[in-house]
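A quick write-up on the structure given underneath.
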Protein chains: 2
Amino acid sequence: MQVPTFSDVEKAHERIKPFINLTPVLSSISINNILGGVFFFKCENFQKVGAFKFRGATNAVTLLSDDDARKGVATHSSGNHAAALALAARNRGIDAFVVMPDNSPLIKIKAVKGYGAEVIFCEPTLQAREETLKNVVDKTGAVEIHPYNNFNVIAGQGTVAKELAEEVEGLDIVLCPVGGGGLLSGTSIAIKAMSPETNVVACEPAGADDAFRSFYGGRLFPSLNPKTIADGLLTSLGTLNYSIIKEKTDQIVTVSEESIVEAMRMIWERMKIIVEPSSAVPLAAVVEKKIDVKNKRIGVILSGGNVDLEKLPF
Amino acid sequence: MQVPTFSDVEKAHERIKPFINLTPVLSSISINNILGGVFFFKCENFQKVGAFKFRGATNAVTLLSDDDARKGVATHSSGNHAAALALAARNRGIDAFVVMPDNSPLIKIKAVKGYGAEVIFCEPTLQAREETLKNVVDKTGAVEIHPYNNFNVIAGQGTVAKELAEEVEGLDIVLCPVGGGGLLSGTSIAIKAMSPETNVVACEPAGADDAFRSFYGGRLFPSLNPKTIADGLLTSLGTLNYSIIKEKTDQIVTVSEESIVEAMRMIWERMKIIVEPSSAVPLAAVVEKKIDVKNKRIGVILSGGNVDLEKLPF
């Protein structure tokens with residue numbers, strides 16, 4: 001299985017720079033005081049479409065040959081990848097076909113349509129999503145861009161940690177959420193190349209702990225009935241992602257739902273920024289004292305900020 | 001009545017720079033697209049204590065003679081000025097006495113105490129607040145620092161607009177919320193000195209429209225039973241503030257509660273930052289089309305980000 005190297009991340013970065021936001025790294029004296037470490041938050045909630053997903057999608061779309069691109073791109077997603085792929089396709093002037101479950105929140109459907117994608121609805125099951133996507137691809141000839149189990153997507157996601165490590169030196173730890181593993185595998189590639197002594201620690205909801213079980217169990221275990229407020233982390237680890245993570249990630253810890261909400265609230269109240277529950281999972285691990293941060297410099301990847309204001313957990 | 005000049009704002013800026021955050025100016029392509037102007041948001045929600053108030057309080061506290069400072073500072077406030085004065089006093093190593101109504105939200109009381117101030121409770125009436133403050137000042141000899149009707153506080157608040165105009169050239173309009181008028185008077189002094197052709201437009205909730213009535217009525221009308229979700233703008237315009245505003249502010253418009261909530265939601269959803277309702281009042285004026293922004297460059301001062309997450313209007 002061919003996996004991206006740091007050189008692929010570097011090339012991805014040059015390729016996507018004209019399209020992405022260079023997101024800020026923020027810090028908060030009060031969070032440092034409360035938790036006892038020195039934290040650097042990489043704010044992908046300020047990325048275009050409100051999540052890091054735009055990086056990987058842009059890299060994948062940009063790399064298509066003109067022949068492939070002509071027929072458009074396709075995916076199934078009810079989340080940030082759908083919007084990311086739609087905007088990346090629009091930026092290249094090609095079609096995007098997005099299969100969405102028919103129970104998707106209206107706000108997400110509107111966002112994807114707003115970026116110009118064609119939305120195809122299906123039953124809200126994985127089987128229906130995959131079958132519908134296959135039909136769309138068969139009919140249109142569009143190229144499927146998987147949200148995380150994709151070489152070019154992973155290389156694109158690695159640019160988040162690359163920017164973080166370029167801006168902040170001497171990080172002892174980088175904390176990263178894990179769902180399908182796109183962000184985590186890219187982060188691990190970048191950090192281990194740029195700063196091998198930095199520990200890459202993945203953080204996962206206990207209610208969706210397939211990465212934890214796979215990492216320590218020595219083989220890929222799928223997610224079974226995952227349940228967590230961190231709706232970006234419900235997916236199962238991809239095969240390509242797993243093969244990278246088992247080599248380059250140092251540790252995976254799991255966190256409770258209560259800690260996720262507490263960490264999310266801390267970020268909102270202290271930093272005055274909006275992050276989605278998935279983004280709060282790394283800080284939740286610190287809140288739970290699963291990670292020793294005393295006198296350490298900790299990079300935290302805030303993956304996105306797309307949250308339904310009508311359904312806040314506060 | 002002696003009023004601050006731009007030179008006072010410049011001196012205040014040098015004086016407070018070691019203490020304040022240089023807050024960012026953010027923009028949002030989607031808000032530009034929705035509203036049809038080019039907006040530059042000056043983010044005082046990222047200021048220390050979460051609001052611009054820290055600038056004025058720091059300037060006033062720093063300017064006290066050692067003799068005056070020794071006995072501490074005092075104010076009555078249930079809002080951002082209380083926390084601002086408490087932190088400014090702690091930074092100088094002096095006492096702060098803050099009179100707060102006994103129905104203040106616990107979170108605000110904790111914040112003020114957290115910055116080391118002594119909190120004195122009173123009945124929740126203006127009369128009780130003023131009498132209690134007088135007693136505290138008589139007893140302690142502390143210097144009263146008024147939240148807005150104060151020369152040095154106004155000069156400090158003017159540094160927000162100074163930073164905005166230094167960072168963004170060619171602004172056609174600057175929009176600023178108005179409550180007691182500290183921020184608006186400082187903003188008007190700075191903008192009219194730095195960029196006289198820029199229109200300074202104050203925005204006020206229709207439910208607390210004393211500045212609007214005073215500005216167009218030709219004399220100071222107090223606030224009568226003000227009622228608005230923008231809890232930072234309930235206060236009546238100060239005399240010193242009024243004398244500046246009537247000379248240097250170009251226009252005052254009022255907005256509905258519905259528009260304030262809509263604008264607040266737009267800022268949260270599109271910019272992924274947390275602002276308090278008072279901060280959304282300027283953009284509410286654009287939402288209501290009270291201000292023509294077409295093809296214009298508009299500076300918007302986001303005054304603060306302290307909002308109770310349990311009581312959101314969404």
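What follows is calculated from the coordinates using simple rules that are stated; it is not laboratory data. All of these numbers come straight from a predicted model, not from anything done at the bench. We place every Cβ from the backbone using ideal geometry, glycine too, and count neighbours over all the protein chains shown.
Quick one: compute a quarter of the convex hull surface over the Cα atoms of the stretch B:54-144 and quote it in nm².
In nm², the orientation-averaged hull projection of the stretch B:54-144 is 5.0.
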* To do: Mark the label point 7 Å from the Cα of B:F6 along Cα→Cβ and return the residues of the stretch B:127-166 whose backbone N is within less than 17 Å of it.
  => B:155-166
* Asked: In degrees, nearest 10, range 0 to 90: what is the angle between the Cα axis of helix A:151-167 and the longest Cα principal axis of chain A?
  -> 30 degrees
* Structure fact -> Counting only backbone N atoms under 18 Å from a point 7 Å out along Cα-to-Cβ of A:K227, the residues of the stretch A:260-282 in range are A:260-261
* **For the protein assembly as shown, alpha-carbon Rg and Dmax in angstrom** => 26.1, 84
* Residue exposure sequence - A:S28, B:S185, B:S259, B:S279 - by fewest surrounding Cβ within 10 Å -> A:S28, B:S259, B:S279, B:S185
* Tell me which aspartates and glutamates have Cα within less than 16 Å of B:K294's Cα, excluding those fewer than 8 residues away on the same chain? -> B:D172
* **Unit charges on C-beta of K, R, D, E only; dipole of the stretch A:54-144, Debye** => 380 debye
* **Semi-axis lengths, Å, the stretch B:177-314, gyration tensor of Cα atoms, sqrt of 5 times eigenvalues** => 23, 18, 13
* Structure fact -> The pairs in A:K108/A:K227; B:K162/B:K290; A:K296/B:K42; B:K272/B:K311 lying past 27 Å Cα-Cα in this model are A:K296/B:K42
* Pairs of Cα atoms under 8 Å, at least six residues apart: use those to get the relative contact order of chain B, whole percent. => 21 percent
* **the protein assembly as shown, dipole about Cα centre (Lys/Arg Cβ +1, Asp/Glu Cβ -1), debye to the nearest 20** => 380 debye
* Burial ordering of B:D172, B:D67, A:D250, fewest other beta-carbon atoms within 10 Å first -> B:D67, A:D250, B:D172
* For the charge dipole of the protein assembly as shown, defined by +1 on Lys and Arg C-beta atoms and -1 on Asp and Glu C-beta atoms about the Cα centroid, which residue among A:F54, A:A84, A:A12 has the Cα displaced farthest towards the positive pole? -> A:A12
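Which values, in whole Å and largest first, are the semi-axes of the equivalent ellipsoid of the stretch B:150-248 obtained as the square root of 5 times each eigenvalue of the Cα gyration tensor?
On the way: eigenvalues 105, 35, 31 Å².
In descending order, the three semi-axes are 23, 13, 12 Å.
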* Asked: Can you give the calculated 222 nm mean residue ellipticity of chain A, where each DSSP H run of n ≥ 4 adds -39,500 (n - 2.57) and the sum is split over every residue, rounded to the nearest 500 deg cm²/dmol?
  -> -14000 deg cm²/dmol
* Structure fact -> Expected sort for B:T228, A:T187, A:T125, B:T235 with the fewest Cβ neighbours (10 Å cutoff) up front is A:T125, B:T228, B:T235, A:T187
* Rounded to 10°, Cα long-axis angle of helix B:6-16 versus longest principal axis of chain B -> 60 degrees
* Asked: For chain A, modelled as a Gaussian network with Cα springs under 10 Å, which listed residue fluctuates most, A:Y242, A:Y216, A:Y115?
  -> A:Y216
* Size of electric dipole in the stretch A:4-71: Cβ of Lys, Arg +1 and of Asp, Glu -1, about Cα centre, debye, nearest 20 -> 180 debye
* Structure fact -> Sorting B:Y242, B:A190, B:T23 by the position of each Cα along the dipole of chain B (Lys, Arg +1; Asp, Glu -1; all at Cβ), the one nearest the positive end of that ordering is B:T23
* With all distinct Cα pairs included, what does the Kirkwood hydrodynamic radius of chain B come out to in Å, to one decimal, could you say? => 19.2 Å
* Between helix A:239-248 and chain A: long-axis angle, C-alpha atoms, 0 to 90°, nearest 10 -> 20 degrees
* To do: With label points built 7 Å along Cα→Cβ from the Cα atoms of A:S256 and B:N21, find their separation and express it in nm.
  => 3.0 nm
* Asked: Considering only chain B, what is the antiparallel percent among its DSSP beta bridges, to the nearest 5?
  -> 10 percent
* Asked: How long is the stretch A:27-107 along each principal axis, judged by its Cα atoms, biggest number first, in Å?
  -> 54, 32, 14
